[in-house]
Amino acid sequence: MRRIIVFILAVAAAAAVNAETLLPAGTPQTAVFAGGCFWSMQSAFEKVYGVIEAVSGYTAGTSRNPNYNTYASTGHVEAVQVTWDPNRVTYKELLDAYWHHTNPTDANGQFSDRGSNYRPVVFYVNDQQKAEAEASKAALAKSGKLPGPIVTQIVKAVPFYKAEDYHQDYPKKNPDNYKDYYSASGRMQFFAKVWGQSELVDPAAPPLKAGWTKPSKDELRKTLTPMQFDVTQKDGTEPPFQNEYFNNEKPGIYVDIVSGEPLFSSTDKFDSGTGWPSFTRPLAPGNVVMRIDRTFGMERNEVRSRYADSHLGHLFDDGPMPTGARYCMDSASLRFIPVENMQKEGYGQYLKLFKPGM
């Protein structure tokens with residue numbers, strides 16, 4: 001179930017904004033990384049805190065506008081173009097994530113994908129990126145973690161060509177097929193052997209608090225209502241004006257219904273007239289993750305929780321000043337904790353937001 005089309009069309013102009021204009025402070029930066037199948041690389045970088053967008057594509061070949069049928073024969077390599085907010089994640093941290101998600105000792109492909117079109121390459125766009133990439137590579141080599149010498153190239157970026165739409169976000173569009181591919185690729189075994197864990201390391205993620213975890217799907221089906229499960233786990237949307245918190249005016253904070261991680265405060269809540277609870281800013285920015293949502297033929301900014309990865313709603317730029325932001329959330333993804341219960345539920349650090357006696 002999605003937000004009604006009438007409302008979406010009414011705010012289409014405000015909704016179709018670039019993610020980088022909504023992430024505060026730093027000017028977005030871009031770099032290109034090749035590390036085997038671009039499905040895996042795109043999926044990996046999208047999970048890194050501070051990454052605005054990761055796009056699958058082709059680069060470093062001899063032809064213009066290659067496609068999936070021709071790119072390998074003209075020397076191109078599968079790659080991802082990563083755009084990030086430098087105030088939330090550094091290029092050095094992205095390099096760290098990159099090394100942890102490739103096999104830097106394999107020059108003839110990556111894992112089960114063989115051939116020069118899958119070779120590992122770091123493409124730098126300026127001298128600073130070049131210097132940081134070379135320093136990062138040298139540090140990794142010195143660490144002795146890898147089973148052989150590093151063969152990953154560090155070269156200057158050349159034109160990047162976006163891959164076909166069906167390749168973009170392939171793991172999200174085809175989760176079962178991708179899971180089978182990933183499991184059989186050899187990645188998990190390599191990562192577990194070299195790094196002691198089978199999944200991507202996110203060096204930029206805020207510290208994990210004990211208890212902010214996501215239960216299994218079976219557990220969630222038992223503890224969540226059908227609407228809460230549909231919204232948080234299937235990216236659904238509840239009806240406007242027919243949800244728990246759209247007109248809640250009590251003082252307190254809103255946490256993720258799945259994990260309990262703090263998300264928003266009543267001090268930033270306002271009546272947007274849309275029928276969904278709306279906020280001008282997050283209570284804990286580190287617990288809010290932005291993703292690109294291209295449903296309904298538009299490009300919108302989806303809001304998800306950091307640790308539970310719950311779908312929360314969308315971010316628009318038609319809110320009140322001073323932020324100009326409207327975090328349009330689903331009540332079904334939230335749990336409200338009134339100010340009088342915050343201390344006993346472990347959120348006492350946020351009591352300073354409220355006047356004594358409230």
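Laboratory data are not the source of any read-out in this text; all were calculated from the coordinates shown. Everything numeric here is computed off the predicted structure, so don't read it as measured data. Here the Cβ is made from the backbone with ideal geometry for all residues, glycine too, and neighbour counts use every protein chain on show.
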With label points set 7 Å from each Cα along the Cα-to-Cβ direction at residue 146 and residue 234, the distance between them in nm comes to 4.5 nm
Out of residues 5 or more away from residue 124 or on other chains, whose amide H comes under 5 Å of its own, with H placed 1.01 Å from N in the peptide plane? 155, 156, 157
Top positive-direction residue, dipole computed over the stretch 261-350 with Cβ charges, set 272, 310, 336: 310
Tell me which GluC sites (Glu not before Pro) from the stretch 274-341 have a DSSP coil assignment and no more than 16 other beta carbons within 10 Å of their own. 299
Can you list the HN-Hα couplings for the stretch 347-352, worked out from phi with the Karplus curve (6.51, -1.76, 1.60; θ = phi - 60°), rounded to whole Hz and with x for Gly and Pro? 10, x, 5, 9, 5, 5
Estimated distance in nm for a label pair at residue 195 and residue 247, the labels positioned 7 Å out from Cα along Cα-to-Cβ: 4.9 nm
Please go through the residue pairs 137/173; 193/214; 173/222; 142/172; 162/217 and name each one whose alpha carbons sit more than 28 Å apart in this structure. 137/173; 142/172; 162/217
Mean ellipticity per residue at 222 nm, deg cm²/dmol - from DSSP H runs of n ≥ 4 across the chain, formula -39500 (n - 2.57): -6500 deg cm²/dmol
In degrees between 0 and 90, to the nearest 10, how far off the longest principal axis of the chain does helix 175-184 point, with axes built from Cα atoms? 40 degrees
Placed amide H near residue 52: partners under 5 Å, 5+ positions off or other chain: 83, 84, 85
Need the C-alpha centroid separation for the stretch 268-283 versus the stretch 77-103, integer Å. 33 Å
Go ahead and run the numbers for FRET between residue 156 and residue 298, Cβ-Cβ distance against an R0 of 35 Å, rounding to 0.05. 0.50
Amide H partners (placed H, <5 Å) of residue 319, local residues excluded: 325, 326
Stretch in the chain that is longest and holds no trypsin sites (Lys or Arg not before Pro) that DSSP places in a loop and that have at most 11 other beta carbons within 10 Å: 65-343
Tell me which aspartates and glutamates have Cα within less than 14 Å of residue 179's Cα, excluding those fewer than 8 residues away on the same chain? 169, 199
Give me the base-10 log of I(q)/I(0) for the stretch 101-170 at each q in 0.14, 0.16 Å⁻¹, Debye formula, one uniform scatterer per Cα, rounded to two decimals. -0.54, -0.69
Counted neighbours (other Cβ, 10 Å), sorted fewest up, put 276, 195 in the order 195, 276
Per Stokes-Einstein, at 4 °C and 1.567 mPa s, what whole-number D in µm² s⁻¹ belongs to the chain, with the Kirkwood radius over Cα pairs as the hydrodynamic radius? 59 µm²/s
Eligible lysines near residue 250 by straight Cα distance, threshold 17 Å, same-chain separation 8 or greater: 269, 352, 355
State whether the stretch 21-195 is rounded, prolate or oblate according to the following rule on the C-alpha gyration tensor (a ≥ b ≥ c being the square roots of its eigenvalues): a/c under 1.5 gives rounded; otherwise a/b larger than b/c gives prolate, and the remaining case gives oblate. rounded
So for the stretch 213-358, using the alpha carbon gyration tensor with a ≥ b ≥ c as root eigenvalues (a/c under 1.5 gives rounded; past that, a/b versus b/c decides prolate or oblate), I'd call it oblate
Quick one: if you stick a label point 7 Å off each Cα along the C-beta vector at residue 138 and residue 217, how many nm between them? 4.8 nm
Contour minus Cα-Cα span, residue 318 to residue 27, at 0.36 nm per residue, comes to 102.7 nm
